[in-house]
Amino acid sequence: MSVTKEQVILSLYQTVRTLSDTIGLKEVYTPGHQHNVAQLARTIGQVMGLDNDAVDGLRIGAMLHDFGIIRIPAEILNKPGKLTQQEYETMKQHPVHGYQILKSIEFPWPVARMILQHHERLDGSGYPGGISGDDIIPEARIIAVADVMDSMISDRPWRRALPLEKAMDELKSGSGTKYDPAAVTACIEIYMNRRELLDPKFYNRNAG
């Protein structure tokens, strides 16, 4: 029996989701973050007009974006408070760890680079490489926006979640400097006018 491309993509996504779920076994404070970022990144890509193949790759990369934290000590991941500078420097290596783990897997998209670059910023202020502008691949720029947005509207041990309006303002303030302006515009458009594209949990949790 022949297998369609759609079936292959679905099987790959299910495998990746299982891999991603292993992160949740180690990190207790951000349940669902990988799935949230994957859904939001995919939707941003759709609103930006990416083709289906690019959106599929974006979803896979976003689902695995934090895979490298599997090599970060649990006492740092689950610390109920703000990290020390040394702990933060250790945490900042998770994109490198994820890249090193997954770079040998021949995905049909630049998944390992998405993972490596998702904390880079347009102005060079990100990590781990401090790269800027067009040196950051488009997929990583989109994942960066989805990652930041979901993080801002989620509770963390050291802070409460931001209200949705405040989070959107923060995202807008970094548009064109830290974050890709097209990805920011698409993200804001989704929350303002196209919420039907998202699971209701994305806006009901912090609608104020």
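Of 172, 166, all but one fail to be more than 22 Å from residue 77 (Cβ to Cβ), at pLDDT 95 or above and more than 18 Å from the chain's Cα centre (by Cα); the exception is 166.
Out of 23, 44, one residue alone is crowded, with 17+ Cβ neighbours inside 10 Å, modelled with pLDDT of 95 or more and assigned to a helix (DSSP H, G or I). It is 44. For region 175-195, the candidate set comprises residues that are hydroxyl-bearing (Ser, Thr, Tyr) and part of a helix (DSSP H, G or I); within that set, the residue that is modelled with the highest pLDDT is 185. The selection criterion, being surrounded by 13 or more Cβ atoms within 10 Å (Cβ to Cβ), over 24 Å from residue 32 (Cα atoms), touching an Asp or Glu at 6+ places or on another chain (Cβ under 9 Å) and in contact (Cβ under 8 Å) with a residue 12 or more places away in the chain, holds for residue 178.
One residue stands out among those in region 75-97 that are touching an Asp or Glu at 6+ places or on another chain (Cβ under 8 Å) and modelled with pLDDT under 95: the one that is surrounded by the fewest Cβ atoms within 10 Å (Cβ to Cβ), which is 78. Beta carbons closer than 8 Å, at least 6 apart along the sequence or on distinct chains, pair a first residue in region 38-62 that is among the β-branched types (Val, Ile, Thr) with a second that is outside any helix (DSSP H, G or I) for 43/198; 47/194; 60/107; 60/109. Within region 73-109, the set of residues being of a type in the set (Val, Ile, Thr) and part of a helix (DSSP H, G or I) comprises 76, 90, 96, 101.
Of the set (1) over 30 Å from residue 191 (Cα atoms); (2) buried (at least 19 other Cβ atoms within 10 Å of the Cβ); (3) touching a residue at least 40 places away in the same chain (Cβ under 8 Å); (4) not hydroxyl-bearing (Ser, Thr, Tyr), all apply to residue 102 but (3). Anything in region 98-113 that is at pLDDT 95 or above and hydroxyl-bearing (Ser, Thr, Tyr)? List them, or say none. Once the filter is applied, which keeps residues that are at pLDDT 95 or above and hydroxyl-bearing (Ser, Thr, Tyr), region 98-113 yields only 99. If only residues of region 32-41 that are part of a helix (DSSP H, G or I) and not aliphatic (A, V, I, L, M) are counted, the one that is surrounded by the most Cβ atoms within 10 Å (Cβ to Cβ) is 34.
Among the conditions (1) free of Cβ contacts under 8 Å to residues at least 24 places away in the same chain; (2) under 22 Å from residue 23 (Cα atoms); (3) in a loop (DSSP other than H, G, I, E, B); (4) small (Gly, Ala, Ser), the only one that residue 112 does not satisfy is (3). Is region 179-187 home to any residue that is of a type in the set (S, T, N, Q), closer than 21 Å to residue 46 by Cβ and in contact with a Ser or Thr (Cβ under 8 Å, 6 or more places away or on another chain)? Yes, some residue in region 179-187 is of a type in the set (S, T, N, Q), closer than 21 Å to residue 46 by Cβ and in contact with a Ser or Thr (Cβ under 8 Å, 6 or more places away or on another chain).
Of all residues in region 148-165, count the ones that are assigned to a helix (DSSP H, G or I), over 17 Å from residue 47 (Cα atoms) and in contact with a helix residue (DSSP H, G or I) (Cβ under 8 Å, 6 or more places away or on another chain). Looking only at that region, the number is 5.
When 184, 148 are checked against the criterion of being out of contact with any Pro (no Cβ under 9 Å at 6 or more places or on another chain) and under 22 Å from residue 69 (Cα atoms), a single residue qualifies: 148. The number of residues in region 122-147 being in contact with a strand residue (DSSP E or B) (Cβ under 6 Å, 6 or more places away or on another chain) and either charged (D, E, K, R) or part of a loop (DSSP other than H, G, I, E, B) (or both) comes to 0.
The values are calculated or read from the model by the stated rules, or taken from the named source; none is laboratory data. Fair warning: this is a prediction, and the values are worked out from it, not measured in the lab. Every residue, glycine among them, receives a Cβ derived from its backbone with ideal geometry; neighbour counts consider all protein chains shown.
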